[in-house]
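Following: one structure in structure tokens, then a few remarks.
No value in this document is a laboratory result; all are computed from the given coordinates. In this text, all values refer to a predicted model and were calculated from it rather than measured experimentally. Don't worry about glycine lacking a Cβ; one is built from the backbone with ideal geometry, like all the others, and counts go over all protein chains shown.
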Amino acid sequence: MHMKTTVLDLKHKKGARLVMLTAYDFPTARLAAEAGVDVILVGDSLGMVVLGYDSTVPVTMEEMLHHTRAARRGAPATFLVADMPYLSFATPALALANATRFMKETGADSVKIEGGAEVLPIVQALVGAGVPVLGHIGLTPQTASALGGFKLQGKDEANARRILDEAVALDRAGCWGIVLELVPAPLARRITERISIPTIGIGAGAQTDGQVLVFHDIVGLFSGFTPKFVKRYGEAGMLIKEAIERYASEVRSGAFPDEGHSFGMNEDVLKRLEGGDAKK
Ligand code: KIV
């Protein structure tokens, strides 16, 4: 029997190069699971790559619940993290109510929360209630404008120290892992050495305990701005567009549907039908 990955398994995988990928629906979660990713993240990047918003701020709890359920159906046995959307964890009580919905209504294994010192009481409340929490520091897209936009974080000593301290505090507060987004590689390495839980980097260099990227970015499905840290491993967008163009062209030329894609009918039935029509 295949045993499902637990938070403890992931904690023990510090140093093991964990692979995390976002997925937001049944087919992509299934492909990610079949490809053997360790952790699926239903990120609130959903808002930008699937729903067409220009930031993650408008994403709602209902949207996240809907997509997390679909991803779970596609990957029933993979460790699955649901991102808590903007302001859904503004107070410990609200965070607990919303995290409870993710755990009970979607089958998620963990939630993810963006933020440093300001979210410590929330992490403590959730972990205390038994909800596994993945932290997320450095560039936090929900509050990117307060951080000066989508920019490298922790370049100067004060900010680097603050991010390091936040990582230590989130570890102590009970997170099972921390996403480090858009921080210098040497800072990510220092944090990874300093804390006991896995770090999962995105734009944070190679010396974290794992990596995460957005599905649409790696397969070439997102045509918006692509940051330097994204690597494209496929051109699915081009393939899909070509397929749609061929379909449209064959419909217009009459080449589709051909006999191989149509259904015939018993000749007698057809004759009677046509005869019946003729009598009218
Ligand atoms: O929402 C998301 O996809 C994320 C990852 C980029 C870490 O938070």
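Assuming R0 = 41 Å, what is the FRET efficiency of Val251 and Lys104, from their Cβ-Cβ distance, to the nearest 0.05?
Using R0 = 41 Å, I get an efficiency of 0.35.
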(request) Mind checking the full-extension length gain between Ala158 and Glu62? Use 0.36 nm per residue of separation minus the Cα-Cα distance, one decimal, nm. (result) 30.8 nm
(request) Give me the aspartates and glutamates in straight-line cross-link reach of Lys13: C-alpha distance below 12 Å, same-chain residues under 8 apart excluded. (result) Asp38, Asp209
(request) Any chance you could run the full-extension gain for Leu273 through Phe150? It's 0.36 nm times the residue separation minus the Cα-Cα distance, nm to one decimal. (result) 37.6 nm
(message) Quick check on the range 7-230: take the gyration tensor over C-alpha atoms, sort the square-rooted eigenvalues as a ≥ b ≥ c, and tell me if it's rounded (a/c under 1.5), prolate or oblate.
(response) rounded
(message) Suppose only helical runs count, i.e. DSSP H with n ≥ 4. What mean residue ellipticity at 222 nm does that imply for the chain under -39500 (n - 2.57) per run, divided by all residues and rounded to the nearest 500 deg cm²/dmol?
(response) -12500 deg cm²/dmol
(message) Is there a quick way to get the dipole size of the range 7-230? I mean about its Cα centre, with the Cβ of Lys and Arg at +1 and of Asp and Glu at -1; what is the value in debye to the nearest 20?
(response) 420 debye
